[in-house]
Amino acid sequence: QVQLVESGGGLVQAGESLRLSCAAPKTIFRRNTMRWFRQAPGKEHEFVAEISTRDITDYADSVKGRFTISTDNAKYTVYLQMNDLKPEDTAVYYCNAWGDRVWGPGTQVTVSA
């Protein structure tokens, strides 16, 4: 079955940065808006950011100015650059190919105060 693969999560202190990566099959990457979601312990899925095949981006208000979504079209990879991380950013982060409804297994991001 087609699956996305996230990487780059880890444990950091507040104010530090991480960059998440999501590798996708070529055909999936080229025809889908790619999204990042996150889910904190005991909370519901939350939209974080998206980028369309025309490089149009959108962000949740909680991450605007801190997170940047981008792609490497030669590597079929979408990134989430996460700057000035806060403890409330702690969550499992999931990559999603929106139109084809394909998900990755998630990568853990933990931000300590």
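Straightening the chain between Asn83 and Ser112 buys 9.0 nm, computed as 0.36 nm per residue apart minus the Cα-Cα spacing.
To put it simply, the accessible area of segment 44-113 at a 1.4 Å probe is 46 percent carbon and sulfur.
Spin-label pair Arg19-Val5: with each label point 7 Å from Cα along the Cα-Cβ axis, the two points sit 1.9 nm from one another. Note that the chain presents 55 Å² accessible area per residue, ligands and nucleic acids not counted, probe 1.4 Å.
Extension gain for Arg31 to Lys43 (0.36 nm times residue separation, less C-alpha to C-alpha distance): 1.3 nm. Built from the Cα atoms of segment 1-48, the convex hull projects on average onto 4.8 nm², one quarter of its surface area. Cα-based values for segment 57-112, radius of gyration first and Dmax second, are 12.3, 35 Å. The ratio of the alpha-carbon radius of gyration of the chain to the globular-protein estimate 2.2 N^0.38 Å is 0.99.
The values are calculated or read from the model by the stated rules, or taken from the named source; none is laboratory data. Please read all numbers here as calculations on a predicted model, not as lab measurements. No Cβ is skipped: glycine too gets one built from the backbone with ideal geometry, and neighbour counts run over all protein chains shown. Calculation scope for accessible area: heavy atoms of the full protein, side chains included, ligands and nucleic acids excluded. Shrake-Rupley method; radii C 1.70, N 1.55, O 1.52, S 1.80 Å.
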